[in-house]
1. What are the residues whose amide H is under 5 Å from the amide H of Thr193, where those residues sit 5 or more places off or on another chain and H is modelled from the backbone?
2. Rg (Å, one decimal) plus Dmax (Å, integer) for the alpha carbons of region 187-266?
3. For the chain, calculate the relative contact order in percent as a whole number, restricting contacts to Cα pairs under 8 Å that are 6 or more residues apart.
4. Just to be sure I understand: if I project the alpha-carbon convex hull of region 111-222 onto a plane and average over all orientations, what area do I get in nm²?
5. Pull up the DSSP beta bridges for region 14-118 and report the antiparallel fraction as a percent, rounded to 5.
6. Note the direction-averaged projected area, equal to a quarter of the hull surface, for the Cα convex hull of region 36-116, in nm².
7. Step through the table entries Lys80/Lys106; Lys186/Lys258; Lys176/Lys233; Lys233/Lys296, compare each Cα-Cα distance with 26 Å, and write down the pairs that go over it.
8. Taking Cα pairs under 8 Å and at least six residues apart, what relative contact order does region 1-132 come out at, in percent?
Amino acid sequence: MSVQTELLKVLEENRNCDLSGQELADRFGVSRNAVWKAVKELRAAGYLITATTNRGYRLEAENDMISEAGIRVLLPENRKSLPIYTYDLLDSTNDEAKRRLANGEKRNILIVAEEQSNGHGRRGRNFYSPSHTGIYMSLLVHIDGKFEDVVSITTATSVIVANAITQLTGKEVQIKWVNDIYMDGKKVCGILTEAIMSCEAGEAPGIIVGIGINVSTECYPNDITDVATSLGKTQGVTRNQFIANISDGILKYATNVKDTSYMEDYRRLSMVIGKEITYFEREEAHSATVTGIDDKGGLMICTPEGEALVLRSGEITVRLKIS
Ligand code: BTN
């Protein structure tokens, strides 16, 4: 481990506390100058480290850099050994997870990037992923399950993320079927679950759950500026806290994919139940009213002709009532 990595680990474990330069040097078996050099490197990378004469070094509470050490320290004891890979820049955290899976990765792993050059969402759409203002994470999980479990892990993830946002920030969010998270009528988070299937057995040995949350992004490209929003002020809650909380929730769920208790929250948080929607079938738009969500996450609708249908996948738009 480099001095920089060791120092960051100790600083994250003692956030907002002063640590003596001499004690750090003794602990790492290096000179005080080497510690100071590592502090300067971390500062150059963006870490908020204060140096005070006679008191030492302190990682400030408001420091919001994503790091492996910063996430790990916030994970519960039983997840401390989760392999975590963090990057300044990736094409896509989902694509990195797929590459690792293709190279034989058998463990559950977490991949996080400060920026994505090719972040993508469902139906090949872009996911805008600017530097240091969002959360772009993918969990590769191996479950002992079938294809239908991929659908439930996606649905469960939207509840886990929505609850994490509300618990950590006090902000109310809603879920737009299937799994977009909305705040004040605009999208704040997208989830892309991809499964690598074994066709013969209908099993999904590797599931990649990709989550993108707009945290402090202020400006969006023209084409999404009317529909995207950010969490905004998170009252001192760091992105590492969201990542640790969400990862723990998904890994817990992955050990018990038959548990459907999250559906109660899914329905409570749904922004579509009772609403008039437009859904698309073979590119053709149809109107319907949403009557509920079934236990498998299917959207129960009633057509204008009074026919009851269940949509299992696809895109819908919610019609706003103009009064
Ligand atoms: C959607 O809105 O359709 C889903 C967006 C999912 C974006 C996340 S960001 C982390 C992960 N990497 C990607 O390329 N996509 C997901």
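Bear in mind that the values in this text are calculations on the coordinates, not laboratory data. Because the structure is predicted, anything quoted here is derived from the model rather than measured. No Cβ is skipped: glycine too gets one built from the backbone with ideal geometry, and neighbour counts run over all protein chains shown.
1. Under 5 Å from the amide H of Thr193 lie the amide H atoms of Gly210, each far enough along the sequence or on another chain.
2. Just the Cα atoms of region 187-266 yield Rg and Dmax of 16.3, 49 Å.
3. On the way: 601 pairs, mean separation 44.9, N = 323.
Over the chain, the number comes to 14 percent.
4. Computing the convex hull of the Cα atoms and averaging its projections yields 7.6 nm².
5. Values: 5 of 10 bridges.
The antiparallel fraction comes to roughly 50 percent.
6. Numbers: hull surface 28.3 nm².
For region 36-116, averaging the hull's shadow over all directions gives 7.1 nm².
7. Lys186/Lys258; Lys233/Lys296
8. On the way: 169 pairs, mean separation 25.0, N = 132.
Relative contact order, region 1-132: 19 percent.
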